[in-house]
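Just below is one structure, and these are the notes that go with it.
The values are calculated or read from the model by the stated rules, or taken from the named source; none is laboratory data. Everything numeric in this text was worked out from a predicted model, so none of it was measured. Positions of Cβ are generated from backbone atoms using ideal geometry, with glycine treated the same way; all protein chains shown enter the neighbour counts.
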């Protein structure tokens, strides 16, 4: 199966604007099937395509929790320390940090232990992502790849899945001078990942790898970064001593919720 082509075809259908009565029926079916809480969003009937519903925006920004906040809605699949450039997508299934980060990782930056967090966004979740804290963006690395599903059932079947899928890596510096990598992993039916500050990146479009450095590009905590279309995964890698996480595996997360404290 060509997962990338399937995702492209699904994207075409999701973007199609059906007659209003039919579109309303499709939207209502989707909301009921995935038990979506629409209390923070516009009425279901206001979305003229499934993609518009997938990428729905909040009616008003959420109040930011203390410290380091979740960049998105989702489920914490894993949150622990890694070592020797190895982490786990879920228990017993590993992925390679140097393969995942590629050119974003320089020699010596993640020697020894580090912290990592895997957040899975399901089709029911708010699909936008925001800055988890004040940060200076150093670079963006786009790597084309496969579009395997990143649901738990798929992760159980494949080692190193995150490093095989299409992905965008943002490398950033925190206020405590430690480095963090936010990895946005493409997945089955995720037609695009968008970034407000980088229009040159158009994912799932047969692009070649791309790497951009930035000077004086800073994001404030809670600031909008971009969005997925449908669901996917965000992996956060940080240098040891940068962040003290206060969450555990299988916790449900909401964007803007406090999940850690920045050390120092």
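Going through the range 229-264 one residue at a time, which ones are in contact with a helix residue (DSSP H, G or I) (Cβ under 8 Å, 6 or more places away or on another chain), assigned to a strand (DSSP E or B) and closer than 15 Å to residue 72 by Cα? Show your work before the answer.
Filtering the range 229-264 for residues in contact with a helix residue (DSSP H, G or I) (Cβ under 8 Å, 6 or more places away or on another chain) gives 229-230, 235, 237.
In the following step, the residues that additionally are assigned to a strand (DSSP E or B) were identified as 235, 237.
235, the sole residue that qualifies.
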- Filter the range 68-93 for residues that are in contact (Cβ under 8 Å) with a residue 60 or more places away in the chain, buried (at least 17 other Cβ atoms within 10 Å of the Cβ) and out of contact with any helix residue (DSSP H, G or I) (no Cβ under 9 Å at 6 or more places or on another chain) and give the result. 68, 69, 70, 71, 72, 73, 74, 76, 78, 79
- Item | Selection within the range 115-159 - farther than 26 Å from residue 57 by Cβ and in contact with a helix residue (DSSP H, G or I) (Cβ under 7 Å, 6 or more places away or on another chain) | 139, 141, 143, 146, 148
- Message: Take residues that are more than 23 Å from residue 91 (Cα to Cα) and in the same structural domain as residue 84 (by TED's automatic domain parsing) and tell me which of the strands (runs of 3 or more DSSP E) falling wholly in the range 106-216 contain 1 or more.
- Response: 128-130, 135-143, 167-174, 179-185, 193-195, 210-213
- Lone unmet requirement of (1) surrounded by fewer than 17 Cβ atoms within 10 Å (Cβ to Cβ); (2) under 28 Å from residue 264 (Cα atoms) for residue 46: (2)
